[in-house]
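Colleague: I have a structure here, written as structure tokens, and I will follow up with some questions on it.
Where a number appears in this text, it was derived from the coordinates with a stated rule and is not lab data. All of these numbers come straight from a predicted model, not from anything done at the bench. Quick reminder, even Gly has a Cβ in these numbers, built from the backbone with ideal geometry, and neighbours come from all protein chains shown.
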Amino acid sequence: MLEALEEQRRQRDISELDFEERLALLVERQWLWHENRGLATRLKNAQLKIAGASLEDINYRHPRGLKRAHIDQLRASAWVREHRNCIITGPTGIGKSHLACALGHQACRDGLRTRYFYAPKLFRALEAAQADGSLVNLIKTLARLDLFIIDDLGLAVAKPRLYRHLLEIIDDRIGRGATLLTSQYPVGQWHDTIGDATVADALLDRLVHNAYRIELDGKSLRDPKSAPAD
């Protein structure tokens with residue numbers, strides 16, 4: 001506010017505004033500064049894989065089964081506040097990670113605490129936390145997030161006990177936060193991916209029943225031959 005006041009003093013025509021108008025400008029400047037600082041902090045803590053991903057830049061022209069209506073349902077982050085989930089499936093290179101990060105970026109813009117994890121790194125973090133005795137604290141931290149993003153679930157083989165830790169996290173998040181998962185595997189194949197049928201049933205029960213589902217298909221976006229003609 002002091003910086004804004006000094007700027008006002010250097011403006012020749014500022015005297016044309018009355019006291020209330022000048023005060024309103026100072027308050028607006030302070031509010032914008034606070035909001036921008038909060039957004040920067042949330043984005044830093046989110047650790048999004050694609051920091052610059054945004055909903056405005058999503059490619060709807062590529063033939064992969066993504067409809068604008070799918071994203072419009074999720075755009076305002078109401079689904080996060082309602083503690084619903086989102087599952088994005090599709091082959092490699094179809095844009096799952098970009099969509100997940102764009103939704104995570106939007107959640108940060110909407111004031112929501114978000115954290116992104118590449119699934120293999122999440123399992124390594126859980127294993128390390130179990131080894132050094134910090135597992136309980138890590139699970140509590142993840143349970144408190146407004147939006148928890150797990151990217152590429154099933155990409156790497158994980159020990160059954162790590163999936164049990166993941167189940168504990170998801171169970172603690174019921175009614176408290178939203179979870180977004182991406183996977184190369186359709187939901188129907190998650191039992192084979194997880195390995196433990198009991199844990200798989202429990203995870204699916206907690207994740208799928210209230211989830212938005214985006215099922216993508218087609219050629220990789222990184223394949224120049226798959227780009228639509230102008």
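Colleague: Go through the range 62-74 and give me each residue that's buried (at least 16 other Cβ atoms within 10 Å of the Cβ) and not β-branched (V, I, T).
Modeller: If the condition is that a residue be buried (at least 16 other Cβ atoms within 10 Å of the Cβ) and not β-branched (V, I, T), then H62, R64, L66, H70, L74 are the ones that fit.
Colleague: Go through (1) touching a helix residue (DSSP H, G or I) at 6+ places or on another chain (Cβ under 8 Å); (2) basic (K, R); (3) without any contact (Cβ under 8 Å) to a residue 60 or more places away in the chain; (4) within 17 Å of I149 (Cβ to Cβ) and name the single condition R29 misses.
Modeller: That leaves (4) as the condition not met.
Colleague: Can you go through R109, R176, R161, R144 and tell me which one is of a type in the set (D, E, K, R), more than 26 Å from I58 (Cβ to Cβ) and touching a residue at least 60 places away in the same chain (Cβ under 8 Å)?
Modeller: Just one listed residue meets the conditions, R176.
Colleague: Oh, and also: Would you pick out the residues in the range 137-153 that are within 28 Å of L216 (Cβ to Cβ) and either over 18 Å from the mean Cα position of the chain (by Cα) or among the aliphatic types (A, V, I, L, M) (or both)?
Modeller: L142, L145, L147, I149, I150, L153
Colleague: How many of the residues making up the range 62-76 are without any contact (Cβ under 8 Å) to a residue 40 or more places away in the chain and within 16 Å of the chain's Cα centre (by Cα)?
Modeller: So the answer is 4.
Colleague: So D192 clears everything in (1) surrounded by 16 or more Cβ atoms within 10 Å (Cβ to Cβ); (2) under 20 Å from L122 (Cα atoms) except one condition, right? Which one?
Modeller: All conditions pass for D192, except number (1).
Colleague: Still on this structure: Scan the range 127-177 residue by residue and report those that are surrounded by 14 or more Cβ atoms within 10 Å (Cβ to Cβ) and polar (S, T, N, Q).
Modeller: Q130
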